[in-house]
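The values are calculated or read from the model by the stated rules, or taken from the named source; none is laboratory data. On a predicted model such as this, the values are computed, not experimentally measured, just so you know. Methodologically, a virtual Cβ is constructed for each residue, glycine included, from the backbone with ideal geometry; neighbour enumeration extends over all protein chains shown. Only protein heavy atoms, including side chains, enter the accessible area calculation; ligands, DNA and RNA are left aside. Shrake-Rupley method; radii C 1.70, N 1.55, O 1.52, S 1.80 Å.
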Amino acid sequence: MSDLFPTETVRWQSLEQSARDIFSQYGYGEIRTPLLERTDVFLRSIGQETDIVQKEMYTFNDRGGRSLTLRPEGTASVLRALANAGISQGESLRVYYMGPMFRGERPAAGRKRQFHQIGAENVGRVSPHADVECIAMLLHFLREIGVCDTALLVNSRGDRYDRDAISTALKAYFDGHIARMCEDCSRRYRTNLWRILDCKSDACSEIIAGAPSIVDQLGTGSQAYFRTVCDGLSRLGLDYVVDPRLVRGLDYYAHTVFEITSTGLGAQNAVAGGGRYEITMPGAKHAVPGVGFALGIERLLMAGASSQAFLPDVDAYLIGIGDEALTANLALAASLREAGASVLAETENRGLKAQLRAANKYDVRYALIRGDDEIDRGVVQVKNMKIAAQSEVSATDVDALLAILADDGRR
Ligand code: HAM
């Protein structure tokens with residue numbers, strides 16, 4: 001888990017702003033959900049057999065003995081929120097979110113225990129065209145922030161009627177290989193065959209590469225759905241690669257799944273992932289369909305996301321020699337800020353040299369200096385820090401001071 005300082009957060013804010021701007025062009029509004037949820041919100045939706053549920057969730061009992069979990073992802077929380085709000089069947093809603101997620105994974109480059117996602121969910125309807133638009137919006141965002149060196153991988157997991165055929169084909173294939181696969185895969189072989197396809201260990205990857213393609217096992221309806229998605233992407237001029245064994249690490253997906261990988265990232269090369277899903281919340285009668293994605297902010301920045309990031313620009317530093325001047329400067333700073341200027345006022349009663357050094361540290365264009373003499377005469381010394389020139393201005397003439405601050409200080 002990392003701390004973020006202002007030189008980093010400016011880059012984050014810029015990415016977040018780009019996401020807000022672009023997602024709102026597609027009719028998405030922001031949703032904010034709690035970081036903590038009841039554990040069962042995640043158990044069934046993400047899937048008992050997934051790595052997230054098996055090994056990674058931060059789960060604990062609160063004082064009332066309720067099992068709570070720090071959200072490991074955003075989709076289940078969003079669906080829980082919409083279910084709570086009573087979204088009616090057939091109603092559709094577009095929401096986006098950004099914020100911290102928690103997974104107790106082994107830390108690595110690009111893998112954090114508290115990481116941050118920007119995600120979007122289009123909930124309520126089933127349509128391959130919605131899947132295409134969702135992927136297009138994700139790629140639009142990546143283009144906008146300059147993450148271009150990427151590949152889009154797509155696949156289909158079919159719907160619930162395809163499950164048996166796919167499982168039978170996977171079982172027939174892995175029967176002959178499971179003895180040479182890792183311990184986790186041996187367990188998955190007994191409990192959830194699909195999860196084997198998501199194993200990242202080197203030894204297993206080779207075997208998995210020979211597994212039957214999922215798309216080949218789909219019924220005609222699901223194949224047609226997937227074709228419409230692929231055609232739609234082509235019509236928009238979006239390049240993609242069908243990865244016939246992509247299943248993604250969460251069990252709620254049905255039909256389309258996709259991932260964006262970036263060449264610059266090494267082993268943790270997924271900057272974003274998503275797909276179509278069906279989630280039944282605890283206590284709900286019906287599954288709610290949706291399509292969405294999430295991007296990892298840390299990985300976006302590693303993948304070279306460019307941002308229009310500027311540290312706050314301070315126009316002036318108010319220097320005060322003596323308590324009287326320090327107090328008066330706080331009032332002057334308030335007036336200048338109210339008029340739109342960015343100023344810093346010294347709060348420590350220390351010498352002129354130390355205060356000028358502080359002003360230089362902030363790279364301000366002007367220092368506004370007052371001591372007892374200036375207070376008595378009702379003036380402020382305005383020192384141009386760039387060309388070492390100084391002038392005197394009436395302390396009550398805020399307009400004159402603002403006019404000087406509006407100047408870039410180089411004259
Ligand atoms: P996910 O693939 O688990 O999907 O996570 C999405 C992205 O979050 C990943 O591509 C990666 O960039 C980032 N990420 C995941 N784990 C970590 C980590 N430990 N450290 C740093 N970054 C990480 C989901 O979470 C789904 N909820 C996406 C979705 C939304 N599907 C449908 N709607």
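Here are the numbers for this structure:
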quantity: Qualifying positions in segment 269-280 - buried (at least 19 other Cβ atoms within 10 Å of the Cβ), of a type outside the set (D, E, K, R) and more than 7 Å from the ligand (Cβ to nearest atom); calculated: 279
quantity: Residue list for segment 202-233, restricted to those being among the small types (Gly, Ala, Ser) and either open to solvent by less than 40 Å² (accessible area, probe 1.4 Å) or outside any loop (DSSP other than H, G, I, E, B) (or both); calculated: 203, 205, 211, 213, 219, 221, 222, 224, 232
quantity: Segment 10-30, residues that are under 26 Å from residue 57 (Cα atoms) and either open to solvent by 30 Å² or more (accessible area, probe 1.4 Å) or basic (Lys, Arg) (or both); calculated: 16, 30
quantity: Candidate set: segment 42-66, residues that are at pLDDT 95 or above and in contact with a Ser or Thr (Cβ under 7 Å, 6 or more places away or on another chain); chosen: the one farthest from residue 124 (Cα to Cα); calculated: 61
quantity: Residues of segment 131-163 satisfying the condition of being in contact with a Ser or Thr (Cβ under 9 Å, 6 or more places away or on another chain), open to solvent by less than 50 Å² (accessible area, probe 1.4 Å) and assigned to a helix (DSSP H, G or I); calculated: 131, 132, 134, 135, 139, 141, 142
quantity: Residue 99, sole failed condition from (1) touching a helix residue (DSSP H, G or I) at 6+ places or on another chain (Cβ under 6 Å); (2) more than 9 Å from the ligand (Cβ to nearest atom); (3) part of a strand (DSSP E or B); calculated: (1)
quantity: Lone unmet requirement of (1) open to solvent by less than 20 Å² (accessible area, probe 1.4 Å); (2) within 12 Å of the ligand (Cβ to nearest atom); (3) touching a Lys or Arg at 6+ places or on another chain (Cβ under 9 Å) for residue 166; calculated: (2)
quantity: Pairs where the first residue, in segment 55-76, is assigned by TED's automatic domain parsing to the domain that holds residue 34 and outside any strand (DSSP E or B) and the second is open to solvent by 20 Å² or more (accessible area, probe 1.4 Å) and among the hydroxyl-bearing types (Ser, Thr, Tyr), C-beta under 6 Å, 6+ apart; calculated: none
quantity: Subset of segment 79-109 [more than 13 Å from the chain's Cα centre (by Cα) and in contact (Cβ under 8 Å) with a residue 60 or more places away in the chain]; calculated: 79, 80, 82, 83, 87, 89, 94, 95, 108, 109
quantity: Given (1) in a strand (DSSP E or B); (2) at positive phi; (3) of a type outside the set (Lys, Arg), index of the condition residue 258 fails; calculated: (2)
quantity: Residue ranges of strands (runs of 3 or more DSSP E) in segment 293-383 with at least 1 members closer than 30 Å to residue 23 by Cβ and either open to solvent by less than 70 Å² (accessible area, probe 1.4 Å) or within 16 Å of the ligand (Cβ to nearest atom) (or both); calculated: none
quantity: Boolean, residue 256 is at pLDDT below 95 and in contact with a strand residue (DSSP E or B) (Cβ under 9 Å, 6 or more places away or on another chain); calculated: no
quantity: Some residue of segment 175-188 being of a type in the set (S, T, N, Q) and open to solvent by 60 Å² or more (accessible area, probe 1.4 Å); calculated: no
quantity: So residue 332, is it touching a Leu at 6+ places or on another chain (Cβ under 8 Å), assigned by TED's automatic domain parsing to the domain that holds residue 115 and modelled with pLDDT of 95 or more; calculated: no
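This table checks each residue for (1) touching a His at 6+ places or on another chain (Cβ under 9 Å); (2) of a type in the set (A, V, I, L, M); (3) more than 30 Å from residue 224 (Cβ to Cβ).
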site: 91; (1), (2), (3): no, no, no
site: 97; (1), (2), (3): no, no, yes
site: 107; (1), (2), (3): no, no, yes
site: 112; (1), (2), (3): no, no, yes
site: 145; (1), (2), (3): no, yes, yes
site: 151; (1), (2), (3): no, yes, no
site: 158; (1), (2), (3): yes, no, no
site: 164; (1), (2), (3): no, no, no
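Conditions tested, residue by residue: (1) at pLDDT 95 or above; (2) buried (at least 16 other Cβ atoms within 10 Å of the Cβ).
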{"position": "91", "(1), (2)": "no, no"}
{"position": "94", "(1), (2)": "yes, yes"}
{"position": "98", "(1), (2)": "yes, yes"}
{"position": "107", "(1), (2)": "no, no"}
{"position": "114", "(1), (2)": "yes, no"}
{"position": "117", "(1), (2)": "yes, yes"}
